[in-house]
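Contents: one structure, followed by commentary.
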Amino acid sequence: IFNVITGQEGAIVLKVEELEKLETAPSYVQLWSKKGIKNVLGMALRVIDNTLGCLIFHLGEHFNDNISSSLIKGVSAQVAVAISNIKANEDIVKREEEKAKLLSFSNTLSSIADRKQLSIAFPKELKKFGFIGSYGISIMTEDKKHLETILYDESDDYASDPEFKKILETPFKINEEISAIILKADHPVTFSIRELKERKIMLPCVDWWYK
């Protein structure tokens with residue numbers, strides 16, 4: 001439905017009973033039908049060449065076929081501009097909030113002098129970001145060939161797991177697949193533990209993560 005509406009230059013009227021027959025019909029089409037909506041009028045929301053979404057009007061069974069196309073276009077254009085402005089303002093607010101969090105994070109970490117202080121302050125600061133759970137921090141050994149864990153979330157249940165403690169004592173080679181990818185990347189990297197397991201990445205941490 002979205003593709004049909006946004007593929008039009010102007011407004012388009014769609015019959016709900018015809019939409020219901022489509023195998024790919026969204027669930028809200030059934031809701032329209034239950035509410036007695038017979039027709040919907042859709043118009044793409046665009047600002048210049050950027051498609052933001054679509055505007056849908058629910059029409060009665062005896063809607064006016066002579067709906068002014070220019071009126072619908074005018075309404076859609078004004079709505080699109082308003083939404084574009086709102087999104088721009090929301091982005092500004094979001095960036096300012098991120099800057100404030102990073103500044104707080106920086107101020108907190110700059111005053112830390114040892115690992116114990118870091119192990120206490122770091123998880124507290126992470127909670128402010130809302131999307132980060134447990135963590136681990138590893139650094140290169142002096143020979144630059146391995147990574148060793150120097151900090152982890154000691155408050156988590158896994159901290160007392162004997163298998164986890166064994167993993168902590170095992171340095172990871174920097175040329176192992178996971179380590180190599182992370183160290184070469186200039187951006188955050190996400191791994192699927194299931195995929196690593198299926199690819200048979202032979203690292204103790206993969207088996208432990210998977211469990």
Residue match in region 118-133 (condition: of a type in the set (Phe, Trp, Tyr), under 22 Å from TRP209 (Cα atoms), exposed (fewer than 12 other Cβ atoms within 10 Å of the Cβ) and under 22 Å from the mean Cα position of the chain (by Cα)): yes
Subset of region 116-152 [in a helix (DSSP H, G or I) and touching an Asp or Glu at 6+ places or on another chain (Cβ under 7 Å)]: SER119, PRO123
Number of the exception - PHE191 against (1) of a type in the set (A, V, I, L, M, F, W, C); (2) more than 30 Å from LEU102 (Cβ to Cβ); (3) in a loop (DSSP other than H, G, I, E, B): (2)
Test: residue in region 58-79 that is open to solvent by less than 70 Å² (accessible area, probe 1.4 Å), touching a helix residue (DSSP H, G or I) at 6+ places or on another chain (Cβ under 8 Å) and modelled with pLDDT of 90 or more: no
Leading residue by the ranking (modelled with the lowest pLDDT) among those in region 31-49 that are open to solvent by 90 Å² or more (accessible area, probe 1.4 Å) and of a type outside the set (A, V, I, L, M): ASP49
LYS200 open to solvent by 80 Å² or more (accessible area, probe 1.4 Å) and in contact (Cβ under 8 Å) with a residue 24 or more places away in the chain: no
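The values are calculated or read from the model by the stated rules, or taken from the named source; none is laboratory data. Quantities reported herein were computed from a predicted structural model and do not represent experimental measurements. Cβ: placed from backbone, ideal geometry, glycine included. Neighbour counts: every protein chain shown. Ligands, DNA and RNA are stripped out before the accessible areas are found, and what is left, the full protein with its side chains, is counted by its heavy atoms. Shrake-Rupley method; radii C 1.70, N 1.55, O 1.52, S 1.80 Å.
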